[in-house]
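Rule-based calculations on the coordinates, nothing more; no lab input. Predicted model, so just to flag it, every value in this text is computed and none were measured. Virtual Cβ from ideal backbone geometry, glycine too; neighbours counted across all protein chains shown.
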Amino acid sequence: MSLKGIKGDRKDVDRRLLRLALDRAPSIFVDASNCANIHRMGAGQDLSRLFIIPAESLYRFKPTLLKLRYFAECMDAKNIFISSIPHLFDYDDPVETRAVIEQCWKIIRWLSKQYNVIVGIIPGSVHDELTSDIPRIGGDSLGHTVWSQRIMTDIILKELEQFAKALRVQDRHVYLSLLKQPLKHMGSITFTSSQHIWAFLLLSIILEQQKTIESMKDERLDNRCIQGR
């Protein structure tokens with residue numbers, strides 16, 4: 001597996017990490033900076049496959065890391081995300097704090113042998129110093145990852161929303177409800193790592209419509225069975 005870091009402004013890094021955790025679900029997100037406000041992620045997200053663990057104390061952070069393997073096995077998750085690690089609560093003992101932090105990074109490196117681990121890194125921090133050897137994911141671009149696909153999907157949906165302004169009220173309501181359908185399959189869309197985002201957006205809408213048709217067929221069949229008794 002792998003160990004990578006996202007380095008940059010704390011808020012931006014945490015936002016990217018949380019979005020990646022959602023897109024790559026099932027995944028585990030260790031929140032060491034109190035950033036995991038899922039209500040800011042937008043409607044339609046499947047949160048059932050994202051396990052968020054708060055850990056704002058240094059003495060809670062370490063045992064949390066030790067339990068991640070158990071949680072990952074329970075969720076069948078291969079991706080672990082750790083938010084940027086600001087000044088975690090400690091007992092103001094610099095020597096002890098440094099020792100615990102070093103132990104934490106040993107655990108993180110051990111986890112990366114079995115899971116994909118991505119950690120937020122604040123420039124100039126002790127964590128930046130201790131992880132100088134691990135690859136960094138760029139601040140503005142994450143390369144060939146689901147992040148770029150998610151951005152493209154959001155852009156396409158925003159453009160499509162403009163069309164709704166020219167529709168009649170009744171048509172607009174139906175049209176906007178269609179645009180919400182791809183959000184139910186965002187994880188699957190990003191999982192494909194395909195450049196054909198448009199095709200998967202349309203297939204997501206068709207899939208939801210087909211599910212409705214199948215449900216109506218089953219309901220009609222049930223009614224016929226009841227009437228035939």
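I'd like to know which of 85, 185, 63 lies farthest towards the positive end of the charge dipole of the chain, counting +1 on Cβ of Lys and Arg and -1 on Cβ of Asp and Glu.
Toward the positive end, the furthest listed residue is 185.
If you take the Cα atoms of the chain, find Rg, then find the Kirkwood Rh from the mean of 1/r over all pairs, what is Rg/Rh?
With Rg and the Kirkwood Rh in hand, the quotient comes to 1.10.
Name the residue from 8, 213, 202 whose Cα lies farthest towards the positive end of the charge dipole of the chain, charges +1 on Cβ of Lys and Arg and -1 on Cβ of Asp and Glu.
Highest projection toward the positive end goes to 213.
Give me the percent relative contact order of the range 7-125, please, defined on Cα pairs under 8 angstrom at least 6 residues apart.
Worked out over the range 7-125, it gives 37 percent.
By count of other Cβ within 10 Å, fewest leading, how are 184, 11 ordered?
11, 184
Rounded to the nearest 500, what is the chain's calculated 222 nm mean residue ellipticity when only DSSP H runs of at least 4 contribute -39500 (n - 2.57) each, over all residues? Show your work: numbers first, answer last.
Values: 8 runs with 123 residues, N = 229.
So the calculated ellipticity at 222 nm is -17500 deg cm²/dmol.
Please give the helix 94-111 orientation as an angle from the longest Cα principal axis of the chain, in degrees from 0 to 90, rounded to the nearest 10.
50 degrees
Would you mind checking the pairs 78/211; 67/113; 4/113; 7/158 and listing those with alpha carbons more than 20 angstrom apart?
78/211; 7/158
Which value, in debye to the nearest 20, gives the size of the charge dipole of the chain about its Cα centre, when Lys and Arg are +1 and Asp and Glu are -1 at the Cβ?
680 debye
Using 0.36 nm per residue of separation minus the Cα-Cα distance, give me the extension gain between residue 221 and residue 49 in nm, one decimal.
58.6 nm
I need 31, 12 ordered by Cβ neighbour count within 10 Å, fewest first.
Ranking 31, 12 by Cβ neighbours within 10 Å, fewest first, gives 12, 31.
Mind pulling the angle between the C-alpha long axis of helix 10-23 and the longest principal axis of the chain? Nearest 10 degrees, somewhere in 0 to 90.
Result, in degrees: 50.
Would you order 198, 105 from fewest to most other beta-carbon atoms within 10 Å of each residue's own beta-carbon?
Details: 198 11, 105 18.
The most exposed by this proxy come first: 198, 105.
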